[in-house]
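Undergrad: Could you have a look at this structure, given as structure tokens, before my questions?
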Amino acid sequence: MKKVMIGIGMVTAIALVVCLVPLVTVAYEVTVDYEDTETYYEDEPYEATETYYETNPLDYHIVEYHEGYAMENLPPGANPPCAWALMTLLNTDTASGTFTVRLYLTVERLTPVGEDRYEFVSNDYQDTKQLHLEPGQIGTWQKYWTEIDLAPEDNCRWGYDIAGSNTTEKQRTVTRYRQVEKQRTVTKQRQETRYKKVTLLDYLLHY
């Protein structure tokens, strides 16, 4: 009887060792936090000197303006009567610059379209010339409209536009932006494999 009890005790002890004492190594996954350095870009303002150009009007005086018909001493290719205009300008400003002179002409006539029938026709012509004048300097432009075959009965109307200006270079401070590379520390997560020992019973039940 005593031997039987000893045998039962040994079996029980072996069973407890197998079932309770960690014997098997198993792997498992865990999520862990870690710090990493991240690169990013940020718009950073800075001041810069910028060159720009400013247009300034100029003062002038019309010294002479005439218009009419020329019958002789005409440019090549012109037939009398030839319409013309003469503009003489004085730069009365303290700065030099360019004066844009636009001369225009309107020719009106009655064109025959049938017996005792006429059609009213109006044609516009214009030309532009630039005169660069220093302060106190005079510039002259005489324009002949040689492309028009005028008739004595045509009605002509002249006109002009003048604009004087110069351009000055200036500088100003402006705010601009540039991308700057920066770094910061951020928290990220990753999966890690870890190991532990489990009992044979736990292994059989859960793995």
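Undergrad: Using the 10 angstrom Cβ neighbour count as an exposure proxy, how do Cys82, Cys156 rank, fewest first?
TA: Neighbour counts put them in this order, fewest first: Cys156, Cys82.
Undergrad: With everything on Cα atoms, drop me the angle between helix 2-20 and the longest principal axis of the chain, reported from 0 to 90° to the nearest 10.
TA: Helix 2-20 sits at roughly 10 degrees to that axis.
Undergrad: When only alpha-carbon atoms count, how far does region 109-175 stretch along each of its three principal axes, as whole angstroms with the largest first?
TA: 73, 36, 16
Undergrad: Give or take rounding to whole Å, what are the principal axis extents of the alpha carbon atoms in region 96-207, in descending order?
TA: That gives 127, 55, 17 Å along the principal axes, largest extent first.
Undergrad: Then there is this: Can you give the translational diffusion coefficient of the chain in µm²/s, computed by Stokes-Einstein from the Kirkwood radius over Cα pairs at 4 °C and 1.567 mPa s?
TA: The estimated diffusion coefficient comes to 46 µm²/s.
Undergrad: A further question on this structure: Okay, helix-only estimate at 222 nm for the chain: each DSSP H run of n ≥ 4 adds -39500 (n - 2.57), divide by all residues, round to 500 deg cm²/dmol; what do you get?
TA: -4000 deg cm²/dmol
Undergrad: Which of the trypsin sites (Lys or Arg not before Pro) found in region 83-190 are in a DSSP loop and have at most 12 neighbouring Cβ atoms, other than their own, within 10 Å?
TA: Passing both the DSSP loop test and the Cβ count: no residue.
Since every read-out is calculated from the coordinates, none of them should be taken as a lab result. The shown structure was predicted, so the numbers you read here are calculated from the model rather than taken from an experiment. A quick note on method: Cβ atoms are made from the backbone with ideal geometry, for glycine too, and the neighbour counts reach across all protein chains shown.
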